[in-house]
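Here the structure comes first, spelled out in structure tokens, and everything after it is commentary.
Just so you know, all these numbers are worked out from the coordinates, no wet-lab data involved. All figures in this text were calculated on a predicted structure; none of them were measured in a lab. Cβ atoms come from the backbone with ideal geometry, glycine included; neighbour counts cover every protein chain shown.
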Amino acid sequence: MVKRQRLINTFIELIKINSPSFREREISEFIAQQLKSCSFDVLLQDYGQSLNIIARKEGVDKGAPTLILNAHMDTVEDTEKIEFAISDGRIRSIGPTVLGSDDKSGIAQIIEALRVIQETGAAHGTIEVVLTSAEEKGLVGVKNLDFSLLQGRHALVLDSSGPVGNLIVGAPTHITYTMTVTGKAAHAGIEPERGINSIRVASEIVTNIADGRIDDSTTANIGIISGGSATNIVPPKTTLKGEVRSHNSEKLRILKGEIFNQAELIAKKYSALLNIQENIEYESFSIKEGDSFLGLICEAYRNCGITPQLCITGGGSDANIFNKRGIKAINLSNGMQAVHSSEEFILIEDLLRGTEIVIAAIKKMPGAVL
Ligand SMILES: [Zn+2]
């Protein structure tokens, strides 16, 4: 059913098109053509910074629930200089850049699945394809997606690395923050006692707040520190950028409170000012065992001879925003591996199996009650 060489060719064509975040125009036009050839109505939703693809094919079976298929078009970095090889049953990067299987393998799997559905004339419900942009820059595309154009309430997101078989059914809330410590500048040699060293205050904050893995569902990290301008100036301003994540909103609230309070106390001790800005990047979701959509997708896996493994992740994806917007979304591991590195690869067998799961899921929708 799945045409192996055609699938590989589609994937290769996709990775040859450079599409770093916010520069998805060329790849979106290529994909739009592919979707149109599968009888989809295709809309390019321009939101100023970039664009999303929203495509729809009406179902043969009008009563079936609509299924949304999602992946993102951007790669984490520029792949202008991409070099790749196909050997030992895998497609891998052999140059300095990522391969871009994150997330072009997902796009190739969706396109091949749609071709197979069309060629075999299989019964299907309405299918909506949503391909986003700038996912790697903080889910920008999906946050700007025009949800009023979607009728589906169930989505498969093909954007998780690892072997085919893993289903991501939970992801954390992610909050980032910027702390600005304002001390006082002074000549470091002539009158240092007049200054308040913001770097030292910030350092004490960094070493005293909770960090790393807090518990099995909660993490914290300071990722950026910057401040100071010369060795002979007591530095007046230092900025810390950090984040906290948790699957549990109460734990997250407590952890965040502790970190911010601790920082306030330390700043106060040195008579420094502290300003904290926080931003919710995305909110958590959790799909419970026993959910009817999850059950149906697990059955699709078993139909393909693959045992589904339910997992939670510490990272975010378009699935967080879909779930927040009332669309039940499960993020599937589609086979891509060592993503965000020049070692990135995908096994051809996984490229195929990921496609088969999408086909099986589409075929499950007619007759489904969700
Ligand atoms: Zn991705």
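For region 43-61, residues that are over 12 Å from Q151 (Cβ atoms) and surrounded by fewer than 19 Cβ atoms within 10 Å (Cβ to Cβ) total 9. A single member of L114, L69 is in contact (Cβ under 8 Å) with a residue 24 or more places away in the chain, buried (at least 19 other Cβ atoms within 10 Å of the Cβ) and under 22 Å from the mean Cα position of the chain (by Cα), and it is L69.
Note on region 292-370: enclosed strands (runs of 3 or more DSSP E) holding 3 or more residues that are on the phi < 0 side of the Ramachandran plot and within 14 Å of the ligand (Cβ to nearest atom) are 328-333.
Taken together, the residues in region 109-138 that are within 16 Å of the ligand (Cβ to nearest atom) and among the basic types (K, R) amount to 1.
Taking the numbered list (1) in a helix (DSSP H, G or I); (2) under 18 Å from K16 (Cα atoms); (3) within 12 Å of the ligand (Cβ to nearest atom) in turn, G141 passes all entries but (2).
Can you say whether A122 is assigned to a loop (DSSP other than H, G, I, E, B) and among the hydrophobic types (A, V, I, L, M, F, W, C), as far as the supplied structure shows?
Values: assigned to a loop (DSSP other than H, G, I, E, B): yes; among the hydrophobic types (A, V, I, L, M, F, W, C): yes.
Answer is yes for this residue.
So that you can scan it fast, the table gives a plain yes or no per residue for (1) outside any helix (DSSP H, G or I); (2) of a type outside the set (V, I, T); (3) touching a residue at least 40 places away in the same chain (Cβ under 8 Å); (4) in contact with a Gly (Cβ under 8 Å, 6 or more places away or on another chain):
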| site | (1), (2), (3), (4) |
| --- | --- |
| V206 | no, no, no, no |
| R213 | yes, yes, no, no |
| N221 | yes, yes, no, yes |
| T238 | yes, no, yes, yes |
| K241 | yes, yes, yes, yes |
| I254 | no, no, no, no |
| G257 | no, yes, no, no |
| K268 | no, yes, no, no |
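Within the span defined as region 194-204, one or more residues are more than 16 Å from the ligand (Cβ to nearest atom), touching a residue at least 24 places away in the same chain (Cβ under 8 Å), in contact with a Leu (Cβ under 7 Å, 6 or more places away or on another chain) and in a helix (DSSP H, G or I).
Residues in region 257-290 that are within 23 Å of the chain's Cα centre (by Cα) and surrounded by 14 or more Cβ atoms within 10 Å (Cβ to Cβ): E278, E281, Y282, E283, S284, F285, I287.
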